[in-house]
1. Filter the stretch 599-627 for residues that are out of contact with any Gly (no Cβ under 8 Å at 6 or more places or on another chain) and aliphatic (A, V, I, L, M) and give the result.
2. When residues of the stretch 420-462 are filtered for being outside any loop (DSSP other than H, G, I, E, B), hydrophobic (A, V, I, L, M, F, W, C) and over 19 Å from Arg382 (Cα atoms), how many remain?
3. So which pairs qualify, if the first residue must be in the stretch 579-596 and part of a strand (DSSP E or B), the second must be among the polar types (S, T, N, Q), the Cβ gap must be under 8 Å, and the two must be at least 6 apart or on different chains?
4. Taking the stretch 204-246 only, how many residues are at pLDDT 95 or above, among the β-branched types (Val, Ile, Thr) and not in a strand (DSSP E or B)?
5. Can you work out which of the residues in the stretch 314-341 that are surrounded by fewer than 15 Cβ atoms within 10 Å (Cβ to Cβ) and either aromatic (Phe, Trp, Tyr) or in contact with a Gly (Cβ under 6 Å, 6 or more places away or on another chain) (or both) is farthest from Thr259 (Cα to Cα)?
6. For the stretch 789-892, please list each of the helices (runs of 4 or more DSSP H) lying entirely inside it that holds at least 2 residues being polar (S, T, N, Q).
7. Test each condition in (1) within 25 Å of Val471 (Cβ to Cβ); (2) surrounded by fewer than 22 Cβ atoms within 10 Å (Cβ to Cβ) for Asp648 and report the one that comes out false.
8. Could you please tell me which pairs satisfy a Cβ distance under 8 Å, a separation of 6+ or placement on different chains, a first residue in the stretch 245-257 that is farther than 11 Å from Gln311 by Cα, and a second residue that is in a loop (DSSP other than H, G, I, E, B) and of a type in the set (Gly, Ala, Ser)?
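The values are calculated or read from the model by the stated rules, or taken from the named source; none is laboratory data. From a predicted model like this one, the values you see are computed outputs, not experimental measurements. Here the Cβ positions follow ideal geometry from the backbone for every residue, glycine too, while neighbour counts run over all protein chains shown.
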Amino acid sequence: MSRHRPAVPILVVPILVVLLAAVAPLRAQTARPLTLDDYGPWARISGTSISPDGGWLGWVESPNEGDSRLFVRSTVDEREFTAVNGQSITFSDDGRRVAFLTTPPEGDRASGESRGPIVRTLHWIDLESGIEAMAQGVRDHAFGAGGRYLAVHRDAADREAEHDGSDLLLHDLEAGTVVSLGNVSAFAFNDSGSRFAWLVDAAERAGNGLYLMETEGGRLRALDTRDAEFDDLAWNEAGDALVALRGTTPEGMTLRENTLVLVSGIGSGSPTVREWTPSGDAGAPSGLVLSELGATRWVTDDLVALGLKDQEPEFEDERADDDKPNVDVWHWNDDRLQSQQMVQAAGDRRFTYTAVYDVTGGHVVPLATPEMRRVDITDDGRWAIGRNDMAYRGDVTVAGGQVDLVRLDPRTGERAPIASGVRRAMGSSPDGRFHLHVLDERVHLVDLESLETTDLTESTGIDFIDREFDVIAERPAYGLGGWTEGSEEVLLYTRFDVIAVPTDGGAPRNLTGGMGDREQIRFRLERLDPEEEWVDLDDALLSAYGERTKRSGWFALDAGSDPRPLLYGDEMLGGLRRAADGDRVVFTRQTFEQFPDLWVSDLDFASPRRMSDANPQIADFAWGRRVLVDYTDDRGHELQATLALPADYVEGERYPMVVYFYEKMSQRHHQFSQPVYDDRPHMSTYASNGYLVLMPDIVYEPGRPGSSALDDVVSAAQAVIDLGYADPDRIGLQGHSWGGYESSFIVTQTDMFAAVVTGAPLTNLMSMYNINYKSSGSGNGPILEWSQGRLGTTPWDDFDLFVSQSPIHHAQNISTPFLILHGTDDGAVDWNQGLEFYNAARRLEKEVILLSYPGEPHHLAREANQKDFQRRMMEYFDHHLRGVEAPEWIESGVPFLRKGQESRPKVVS
């Protein structure tokens, strides 16, 4: 067992880090170390929403402990509204009003057995006048287009009632009037806000039906009323037609049998109501019912997507419970393992076969079948793409995911093959003219009209495939950026650049001029409007990430020249979204020392304004900083790692170091280390308490996942030693899940580390291969062969390889104290993997501790357990890397009869 010593690498120090280093000593003199007891107030930001005119920004700050706080703040002046425990921020589309829900503060809620449903209060505010109104007991709300009308759907007065309807108040916010509607189960404004439709579900179905109101004038009309249940209300795009389902469940059957109710000509004075049922359509598959589980929706004004489902009789077993057998039959011919069927049972029960109703022809066109369960209709409704996986089901000898692509005509049902054995479909153009997929690691463009296929890799001479993808499966393309109007060009990515490929066979254009490849900047198109079908290259924005510098930001795409930087620097910029009706944008910016608060600016990014300050308490604590480390592993790969320096760092001194890793980690160089309760080391806390924290990159050699991790982790750690940062005798290692496998393997191969903490580790690849991933129900074999395991073979084909890469088979070589974390209900890595490693090490008289948390999943879920492990992990490293006296649990363990009675963990300041 030797220590790997690569050549001394180059240390890259970004300008921003240098500037921060100048103020770090001053802060260190006045700030204190961060501890777990300080975590409570640290907040995360969620629920961000920008008003359509860009004039207001809303968000929620949620601390680790205590109530959250909602903010609605002007982007142009100092006006602000706040609320405790707010959520679901909604702006009216004129930007004048905002609505949101709140729940009572924790201290005001009932506890124990007296706790009932939490009552939510809806608040709506006129942002011009500041006038606020509210309603208690609200289940849903929505503004109509134009912002004049607000629908407030109340909670049911009787939550135990069998019917689903409850009161709805439709507010005219201009006139100050309210219309009260009873027993509403669903509602929807049309796109213009001129019409409001709703469904009624009342006790004993009294008045059940589909209703309509003209919002201007308040005229109400019953469109269809029956002694039945109504579901799936949907407007067409023009806002002059509706669909809904109406149905009842026949006695002795399990499913509701629905009728499609289609109302057209709304606004003409005399709407037309038509009906369709499968039983009345000779073209409908027999034995199927129209299901409310199928999310009925308009595709175009003449096509409605439906879900059809097999009707089944009720099954009644009159035997007493004690007389009923309980057995699951696992058969070798099962398409899916019984365990997968168990996990996916809820989805299977809700599955429906996609079909379309031809409004003009008045008949249904079935699309999906038992062999082809997934069918995607193109955005324009011209075609549908089916994925037939029948030929590949249950094949355990190859990597999964293969399908045969099929083109379908939604109006006739006609089918034609596109390609066979495809694993990676890339989608269709907005107008349904073309479809993209990867086959044999080449990008193919299919003309859906003629079905002519063009190999874009061959025709352009450009490789669009991610060659760095090191999992043993077909490599994916770097991605699709979109399409220019009329599908004239498809926009594809290389590793760094954006390429426009004409769909008529013309010469491709490098839109970023090769600047990405030259400077190793990864350019990608930033799609600011999720509703926009086409990419306008005259107004395109590029996101940018420096592969080696870790800089990020946005560039303008300038035709005929290199992209022009707008905001690009030594920080992590992201989360960009644009106001619907303007050039105002909101985004986050963060570094290791700067929380990702919200900023707003115009699209030129000339004068960004910081909007939030979620964690001002950071100024109270000593904080580290990060530097980039370049290193070369023993296989010759030039890699990077990000290294957090301790808050009290003094150049020339050596410090204890914790190495935390998974796969590639250097891209997190500018990521803020948020103090949260979980089961991982937080770089901010360790750096604040005098540690270095190293996060290296790993690249994998096929068939040697453990050996690859050993090479790169040891090489990175040695580089930090050689650079004079780390004390070689005080280095710890931590990894969880796949990182737990790697850390468990590494502890058997080298004595470089003074202590190792391994969480939820794979330790015996032989036994792991033949057990299941409980969370999904699937077998682990494919994961180890073709996915993250990267072994590329089976234990029967290469027994020695599995032995060589299994930590447990090298346990006799361990000379380092190590700690195992595992939850007994881990649904990803079976708890017995941790137990096997513990028992092997104990039998071999190694210094091992297993922290087993009963009832916990793959990542600890209970806050008390999260806190417990984080305290113990730091105590473990403090003892082995800093010489702090060992607490009782490390020194002598805790007998079961004294569980929970051990001496309190010591707090190290």
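1. Hits for the stretch 599-627 are Leu603, Ala606, Met611, Ala614, Ile618, Ala619, Ala622, Val627.
2. At the first step, the residues of the stretch 420-462 found to be outside any loop (DSSP other than H, G, I, E, B) are 420-422, 424-428, 434-439, 442-447, 453-460.
Okay, now just the ones that are also hydrophobic (A, V, I, L, M, F, W, C), so 422, 425-426, 434, 436, 438-439, 443, 445-446, 456.
From what is left, the residues that are over 19 Å from Arg382 (Cα atoms) are 422, 438-439, 443, 456.
Within the stretch 420-462, residues that are outside any loop (DSSP other than H, G, I, E, B), hydrophobic (A, V, I, L, M, F, W, C) and over 19 Å from Arg382 (Cα atoms) number 5.
3. Taking only residues 6 or more apart or on different chains, the pairs are Val585/Ser601; Val586/Thr48; Phe587/Ser601; Gln590/Gln671; Phe595/Asn615; Phe595/Gln674; Pro596/Thr588; Pro596/Gln590.
4. Number of matching residues: 0.
5. Taking the candidates together, the pick is Trp332.
6. Numbers: elements: 799-804, 831-843, 863-882, 888-891.
In the stretch 789-892, 831-843, 863-882 are the helices (runs of 4 or more DSSP H) which contain 2 or more residues that are polar (S, T, N, Q).
7. Answer for Asp648: the failing condition is (1).
8. Correct list of pairs: Arg246/Ala228; Gly247/Ala228; Thr248/Ala228.
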